[in-house]
1. Using the Karplus curve 6.51 cos²θ - 1.76 cosθ + 1.60 with θ = phi - 60°, what ³J(HN,Hα) values do you get for each residue of the range 284-291, in whole Hz, with x for Gly and Pro?
2. For V485, list long-range residues whose amide hydrogen, built 1.01 Å from N in the peptide plane, is under 5 Å from its own amide hydrogen.
3. Residue by residue, what Karplus-based ³J(HN,Hα) values in Hz, rounded to whole numbers, does the range 559-570 have, using 6.51, -1.76 and 1.60 with θ = phi - 60° and x for Gly and Pro?
4. Which one, F131, M175, P151, is farthest towards the positive end of the dipole of the range 104-213 when Lys and Arg carry +1 and Asp and Glu -1 on their Cβ?
5. Test of understanding: express the Cα radius of gyration of the range 105-196 as a ratio to 2.2 N^0.38 Å, with N the residue count.
6. Amide H neighbours of E510 under 5 Å, counting only residues 5+ apart in sequence or on other chains, H built in-plane at 1.01 Å?
7. Report, by chain and number, residues whose modeled amide H sits under 5 Å from the one on V567, excluding near sequence neighbours (fewer than 5 apart, same chain).
8. Label points 7 Å out from Cα along the Cβ direction at I90 and D341: separation in nm?
Amino acid sequence: MKKKKEKSGKQKKRLWLLILGIFVILVNAFTIYTILLLGPIEEMIRYIIIGVCILIDLIFCFRIRAKRKHKEKKVKLLTTFLILYLILNILVSVVILYLYGNISNLNKTYVTYSSSLITMSNHDIEKIEDFKDSTIGMLSNKNSPDGYIIPKEIIDQYHLDKNNTINEYEDYSTMLAELYAGELDAMFISTDYPSMFSGIEAYKNIKEDTKIIYTKEKKMKKADTAKIETASAGKSITEPFTILLMGVDSTDEGLSANTIANGDSLILITFNPETLNATMLSIPRDSYVPIACWSGQPENKITHAAAYGTDCMMQTIENYFDVTIDYYAKINFRGLVSLVDTLGGIDVEVPQDLCTDNSNREGTVCINAGYQHLNGEQALVLARNRKQLAAGDLDRGLNQQIVVEGIINKLKNMNSVDQVMEVLNTISNNLDTNFTNNQILSFYDLAKDIMNHSLQKDDANLINIEQLFLQGTGQMIYDERSRLVLWDYVPIEESRDDIIQAMKINLGEEEPKMVKEFSFSINEPYEKTITGYGPYNTSSGYALLPDFTGDSQSQAQSWASSHGIRVSFNGSSGYVIAQSYPANKRIDLINGAVTLTLSGGSSTTTKKEETTSSSSSGTGNTSEKNQQKEEAPDKEAPDSDPNKNPEEPSEGGSEQKPSTPIPEEEEKTEAPSE
């Protein structure tokens, strides 16, 4: 009886050991699978680890088979080893899956889009069922989630097309202009529309001027609504590549929902892994460039391209700068605070004293000029503030480059797994990109190369960053779509050409030109050269139609003749009281003659002559009036000479640019304290 019990006990132990062993082998197989997910990271080491795991499995199988022929010995020891081995496998799998999950989340497969049906606040419509005999606008682009796809679902759901007229438009600006003019009863637009348009003076109170009648959200695959946004160029990061950084200024943490950035922060970077050289260009939000997704690609503020999706923004930049954007990264400024804090702060050269509100738009945070150690909230002040800067958005772009450099250089000080995991978690939540998992993992080898170079000098920068600057001229130009005169930043062609050449050289597409002569004076401080910054002819810009109101017939005719414009007159005398084309319209966009309506009075004294004692010529008066009209929005901005030399560089090597006045009506309110 006793022998039977002992035999039964041994059989149970062997059975338990067999079950435990099978479970360990299965878990080990899963661990091997997770190790393979790491792709290019330390391939040799990973294959050695996988080989050891397989060897342990084979030894265990052999031992189990041998124990069937011999007496059971050391069962407890083997059981203890298997349990410890099992725990180790589980821990390794959990860590790798956590790492891989965060990496996978960087390229968000699904995005939640939101579209709203809005009307003017004083309209009598209060709910969607009230629409009858109304005219409703929507985008014509069938790939636009919030401009067409969701609106079409709402129209079908509530049968809005039966008793109403649905008009399709190419852009939101035209729709909004007609909505404000009463030509449109309602329109579909992204729910985030207040942040998109409140920066324009005419729409600064758009949130109060309009009301939302109905809102619908839809979770969609990015691949279903965008092509460029989800398509990686397939390059290995060991090859030179280009990446576009897009900032999203939101008080919310994360990017799970589609936050349509106004294109406020655009940084175009080229990187050469072989030379560890990068070029960095901050693109001003008001840059007047052809918008790729609009019919005929008319020029407009580049910030407006963002309202039509990442594809539109990327195509616009690619076309204008003659470069292929391999990757993009959309970053939430709110997450910048967490990232910098996780890194333990950054050390940068602050160009000047700055103050703005914190990431919650509550309270005030200030930073001082000079070499500073900044925490997350302070870094956000440097990256976001533009109202206290002489050149507004232009200087802010340079400050954002300083923050990016500070973050890159601080990454070399990460020395713990916990910190790496925390940084990865922060980035995963606040960043969206089109990098594939393998491409992201490939940065491991690149990071090792950068670290090896940085060890040559303790305080060496990880990457040599060449600063680029897009120089331009400010002009008040009539916007055909919004029917408003807006301040635009017209880039200088020579500046763009120099920038394109610098990027192509860094990408290995062009050979650099050797500098054979170099001169300097020991008595003069060294000024860092910034590609794209002069000397150029800063008087370049578009010829614009003046406001002829108040001019006599002879004055208007004289100006038109000197600028090659045909004019016709309604009436035979008096001063101009109306014109067929609006003031500040680009002359090259005028078709036919400009019709000017005269007051028709018998007096030959013009209205202008009645109100001034000046005896200037007709041409001079018209030109002077137009010039004053263009300069008016800039009257509170610091006066500056666009041709003057840049200020001396600070200790950190950044250089202040001559100020370019930023009109108040184009300022987007970012903080009451700025």
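Since every read-out is calculated from the coordinates, none of them should be taken as a lab result. Just so you know, these numbers come straight off a predicted model, no measurement behind them. As a convention, Cβ positions derive from the backbone with ideal geometry for all residues, glycine included, and neighbour counts pool all protein chains shown.
1. Coupling constants for the range 284-291: x, 4, 9, 4, 8, 9, x, 8 Hz.
2. The answer is D479.
3. 5, 4, 5, 5, 10, x, 10, 8, 10, 10, 10, 9
4. P151
5. Dividing the Cα Rg of the range 105-196 by 2.2 N^0.38 Å gives 1.11.
6. I505
7. V594
8. That separation, rounded to one decimal, is 3.3 nm.
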